[in-house]
Each structure stands twice: as C-alpha cells, then as structure tokens.
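J.: One structure coming up, written as structure tokens, with questions to follow.
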Amino acid sequence: MIATDLLGIEDLERSDIEQILEAAAHMQEIGDRPVKKVPTLRGRTIVNLFFEPSTRTRTSFEIAGKRLSADVVNFSTSSSSLSKAESILDTARTLDAMQPDAVVVRHRVAGVPKRIADVLDAPVINAGDGAHEHPTQALLDLLTVWQEKGRIDGLTVTIIGDIVHSRVARSNIYGFLKMGAEVRVAGPPTMLPVGVQALGVKAFTSMREALDGADVVMALRIQLERLSGSLFPSIREYAETFGISRRTLRYAKDDAIVMHPGPVNRGVELSHDLADHRPSVILDQVRNGVALRMAVLYLLAGRERVAGRTE
Ligand code: CP
C-alpha cells in the first residue's frame, strides 16, 4: 500500500509500483469512453502547485482529476502572493487550510515537495523537483514498457543523455531496477554522475556498447535552460555522438522501443523521423500519463481523512 505522499520512486516497494500500475491499467479504459468521467473523486479537491513550467505533467494531472470528477485548482505562481514575498511554506500552509485532498507540487529545487509534505495535512505528490525525482514520469514509463513488452523483469533498458541533471533518469533508474530490469546509462563522461554504478546500473560512453541488445532505449532531453553549455563541445557534436537515429538503433534489439519524456529537442536527442514514428512510443507515454495520474490521485486523494493526515 503506497504511503501518504508520493515523493519519489526510491521510497516505494516493488509491490507499491505494481499496485499503481495495475490501478492505472484499469483507468485507461475510461479515456476510451465517449464520456470520459467517473464519480470516484466527486467532492474531492486537488491543487496543482507548479512553480516551474510544465505542459505534460500539469495538464495530465488536471485532466486526470477532472476525469475522476474531482475539483481541480491550478495555482498560478505569477498572480499569487508569492509575488508579495510570501514564502513557499506559508503559501502551502494557506492552501492546506482550505482543506484540499491532494497537492501536486513541481519546483526547480530538489526537496521542496518533501518540505511541503512535512507541514501539510493533505497528501503531496511530487511532480518533479530539481534534479532529484519525477516519480509519476517514471511510473508512466514503467506502464508503457509493461504494456509494450508484456513484462519488465529481465529487460535491458538504456537511458541516454544528461544523467547528472535528470530527475527522470534518477526515478527511472530506481523504478526499472526495482521491477527487475537491467539498467544502463550512457552519455558524455561529464553527464554521468561519478560512482553512478553504486545505484546498480552499468555506465557507458560508447553508444554501440550501451545499446547492444537493449529492449528499451530512453533518450533524455538536453536541458539547455539549466546548462552552462560546458558539458559537451557543441549541440551538433552531441547529436552526432549520442543522438538516437535509425542508424544507431541498429545496435539495439530488432523490436526495441524508443522513449523520451518530452519535450524533445528534435534533431538533438532524437532524429526528426524517430520523434514521430515507431518504434518511438512518445505519444503513448503522454497518453498513459493521464491514466497513471488518475491512479495516483485515486490511491492518495481517495482515502478517508482521519485526524488530519489521510489513512
Ligand atoms: N515530462 C515532463 O515532465 O514534461 P513537462 O515538463 O511538460 O511536464
């Protein structure tokens, strides 16, 4: 049974992940109905508290809440009292006093969702914090691989790119390892954390070796807005050495799938052709994100509240 908050995959047991994936698989069918709404969270309130830009995560949490009939409030940081220097914790306490049933938090600083969870009664869901974790992204990636391959146990998953700065990489490393996959990471040496093998992964700077026999190839976004540009000589050189194209994909298994959390820098991490066509499953990841977030909201916001924290 997953705990009160969802702050990271590192905190979850394999059985927790399985519970969330199975709940998400049930939620998928609701998205295929002409009327995409069930009364599961009627009367519940969900607050989206995004201090950092987002398209996929924020929108899919909003759609997920609405498909479950919850009232969803999108907190706007630019028009809030944050602009009058109110602190994040005071903002969170203020919102909590309005008795939401779940608060979804994204922030550029690692650890902010945990700090907020420590002072809130409502369950807190981490929607991405700095370079720490992005648990719902990893869960939707696990759901996508599980449904594409019929299993996760025994698969080889290669994650390519800026592993150092990627919360997606970190959450996926924890998730795929807990679910029994072999996890490899690849990129320029400057983008591989020192001692990353201690997490249980294999690290490569050669794409041929990293992709050899891979079932899943996951490219990460080069975070141009966070980097000083000093981690590799040029975008062009990165694209030529670590970009995924049909040519480099030949090293992987014939039926390998290609994943990307988005947004994609086309022609950098992925060739234009692969960004749009199989074996890329990028839009399946996005679609699964709604069902996965419905499952998380159902499991956390759907509980009865007893003396403050949910039970
Ligand atoms: N994958 C992801 O987190 O995308 P957004 O930044 O658009 O939410």
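J.: Kindly indicate the residue of the range 261-286 that is closer than 20 Å to ALA214 by Cβ and among the small types (Gly, Ala, Ser) and also farthest from the ligand (Cβ to nearest atom) among those meeting that condition.
T.: Step by step, filter the range 261-286, then rank; the result is SER271.
J.: Condition first: in the same structural domain as LEU274 (by TED's automatic domain parsing), closer than 23 Å to ARG247 by Cα and within 14 Å of the chain's Cα centre (by Cα). Can you find one or more residues in the range 169-186 that meet it?
T.: no
J.: Would you check which residues across the range 36-60 are out of contact with any Ser or Thr (no Cβ under 8 Å at 6 or more places or on another chain) and within 12 Å of the ligand (Cβ to nearest atom) and list them?
T.: Passing the criteria: ASN48, GLU52, PRO53, SER54, THR55, ARG56, ARG58, THR59, SER60.
J.: Within the range 120-136, is there a residue that is loosely packed, with under 15 Cβ neighbours inside 10 Å, assigned to a loop (DSSP other than H, G, I, E, B) and away from the ligand (no atom under 13 Å from the Cβ)?
T.: Among the residues of the range 120-136, not one is loosely packed, with under 15 Cβ neighbours inside 10 Å, assigned to a loop (DSSP other than H, G, I, E, B) and away from the ligand (no atom under 13 Å from the Cβ), which makes the answer no.
J.: Also, quick follow-up: Select from the range 134-176 the residues that are closer than 24 Å to PHE232 by Cα and of a type in the set (D, E, K, R) and list them in ascending order.
T.: The answer is ASP162, ARG167, ARG170.
J.: So which residues in the range 39-53 are touching a residue at least 40 places away in the same chain (Cβ under 8 Å) and either of a type in the set (Gly, Ala, Ser) or under 13 Å from ASN74 (Cβ atoms) (or both)?
T.: Answer for the range 39-53, where residues must be touching a residue at least 40 places away in the same chain (Cβ under 8 Å) and either of a type in the set (Gly, Ala, Ser) or under 13 Å from ASN74 (Cβ atoms) (or both): THR45, ILE46, VAL47, ASN48, LEU49, PHE50, PHE51.
Residue by residue, here is whether (1) under 16 Å from LEU300 (Cα atoms); (2) of a type in the set (Lys, Arg); (3) crowded, with 17+ Cβ neighbours inside 10 Å holds:
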| residue | (1), (2), (3) |
| --- | --- |
| ASP5 | yes, no, yes |
| LYS37 | no, yes, no |
| LEU49 | no, no, yes |
| PRO53 | no, no, no |
| ALA70 | yes, no, yes |
| THR77 | no, no, no |
| THR94 | no, no, no |
| MET98 | no, no, no |
| VAL112 | no, no, yes |
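J.: So, one more: Just one of (1) farther than 17 Å from ASP215 by Cα; (2) more than 14 Å from the chain's Cα centre (by Cα); (3) assigned by TED's automatic domain parsing to the domain that holds GLY195 trips up ASP71, so point out which.
T.: ASP71 satisfies every listed condition except (3).
J.: When you look at GLY175, is it within 16 Å of the ligand (Cβ to nearest atom) and assigned to a helix (DSSP H, G or I), yes or no?
T.: Values: within 16 Å of the ligand (Cβ to nearest atom): yes; assigned to a helix (DSSP H, G or I): yes.
Yes: the conditions hold for GLY175.
The values are calculated or read from the model by the stated rules, or taken from the named source; none is laboratory data. Not measured: the values here are computed from a predicted model. Methodologically, a virtual Cβ is constructed for each residue, glycine included, from the backbone with ideal geometry; neighbour enumeration extends over all protein chains shown.
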